[in-house]
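Presented below is the structure to which this report refers.
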Amino acid sequence: MSVAGLIMQQLCMNKFVSPTTGATISSAQFGILLALLFMPNSTLWGRALFAFAAAIVGTWIFVWFIQRIQFKDVVMVPLVGIMFGNVIGGITNYLAYQYEMTQALSSWLVGHFSLVVRGRFELVYLAVPLVILAFVFANHFNIVGMGKDFSKNLGVHYNLVLFAGLSIAAMITASVVVVVGSISYIGLIVPNVVAMFKGDRIRGTLIDTALFGAIFVLACDMIARTVIAPYELPIELIVGIIGSILFIGLLLYRLRHGRKAVRLGAAHSGGCASTVAQSERGGDSA
């Protein structure tokens with residue numbers, strides 16, 4: 001999820017875009033509902049195919065929307081994604097209520113690890129080749145993140161790389177949603193925290209983002225298992241609480257320091273980060 005958020009933020013040139021604010025999670029849940037409605041006896045892999053298709057289409061439609069916005073504010077893009085995701089969520093809930101599927105769908109609306117057993121969690125392994133593919137084409141994603149004209153000058157097919165990267169992020173998100181349900185904030189918080197220390201280059205931060213995302217989820221899972229032991233809280237609840245606090249902290253830090261990175265040793269921001277920082281400073285001075 002953190003890697004998917006990193007890819008979406010780079011391609012959309014916005015640090016507030018993630019699988020949550022880009023309607024990817026809502027689209028994957030809609031795809032699972034379609035599988036339950038039209039193929040009630042389908043296996044987990046069959047539902048995953050529906051989730052993959054719906055997540056990819058929903059993410060593409062979201063990007064099509066933001067490309068049609070002439071004046072983009074840094075907050076406007078995620079707001080469009082949140083509104084679009086709420087529309088998809090409303091349709092999903094309506095259909096689930098209409099066909100008495102609310103209880104069957106509830107397992108995928110809130111993230112939890114109670115269903116992670118042998119025979120179900122193997123689907124997450126599909127994310128491994130997708131992450132490797134994202135690492136191979138990381139430089140192309142960085143170039144596309146600089147804009148359409150910049151990509152054309154360097155001979156990179158903008159639309160092809162854009163939709164390929166978004167498809168990779170959507171499939172990673174869908175594989176997680178099918179197995180454990182919706183987990184918010186990971187794709188939003190983790191890439192921003194790593195970028196503060198390591199810069200914005202995908203190839204230089206992808207491994208760190210994946211590791212920090214895993215550590216963050218592990219810490220939240222340990223808290224969820226110990227707060228009211230022997231009972232277990234849904235991990236979505238813990239991630240939501242901690243993620244909201246971290247998100248507020250990030251907002252306050254950005255308001256006070258802008259895009260200034262936290263320097264650690266030889267870590268440095270990539271060219272993409274410095275270019276964005278210069279453009280933001282230019283906008284502030286204007």
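Computed over the chain, the per-residue total of -39500 (n - 2.57) for DSSP H runs of n ≥ 4 gives a 222 nm mean residue ellipticity of -23500 deg cm²/dmol, rounded to 500.
Under the rule that an exposed site lies in a DSSP loop and has at most 16 other Cβ atoms within 10 Å, name the longest stretch of the chain with no GluC sites (Glu not before Pro) of that kind, not counting the sites themselves.
Numbers: sites that count: Glu100, Glu232.
It works out to 101-231.
With the Cα gyration tensor of the chain in hand, convert its eigenvalues to equivalent ellipsoid semi-axes via √(5λ) and list them largest first in whole Å. Present the calculation step by step, with values, prior to reporting the outcome.
Numbers: eigenvalues 193, 97, 63 Å².
Working through the eigenvalues yields semi-axes of 31, 22, 18 Å.
Comparing mean-square fluctuations of Ile69, Ile223, Ile235 from a GNM of the chain with C-alpha springs under 10 Å, the top value falls on Ile69. Axis angle, to the nearest 10 degrees, between helix 24-38 and the longest C-alpha principal axis of the chain: 30 degrees.
Relative contact order for the chain using alpha-carbon pairs under 8 Å, separation at least 6, rounded to a whole percent? Once normalised by length, the contact order is 27 percent.
Please arrange Ser27, Ser167, Ser175, Ser42 by how many other C-beta atoms lie within 10 Å of their C-beta, fewest to most.
Working: Ser27 30, Ser167 18, Ser175 24, Ser42 15.
The order, fewest Cβ neighbours first, is Ser42, Ser167, Ser175, Ser27.
Just checking the listed ones, Gln98, Gln29, Gln67: in the Gaussian network model of the chain with Cα springs under 10 Å, the one fluctuating most is Gln98.
At a Förster distance of 25 Å, what's the computed FRET efficiency of Lys152 paired with Trp64, Cβ-Cβ distance as r, to 0.05? Numbers along the way, then the final one.
On the way: r = 20 Å, r/R0 = 0.78.
That pair, Lys152 with Trp64, gives E of 0.80.
Here r is the Cβ-Cβ distance between Met83 and Tyr253 and R0 is 22 Å; the resulting FRET efficiency, rounded to 0.05, is 0.25. When the Gaussian network model of the chain links Cα atoms closer than 10 Å, the mean-square fluctuations of Thr92, Thr102, Thr209 top out at Thr102.
Every read-out reported here was derived from the displayed coordinates using simple, explicitly stated rules and does not represent laboratory data. These numbers come from a predicted model, not from an experiment. Reconstructed Cβ throughout: ideal geometry from the backbone, glycine too, with neighbour counts over all protein chains shown.
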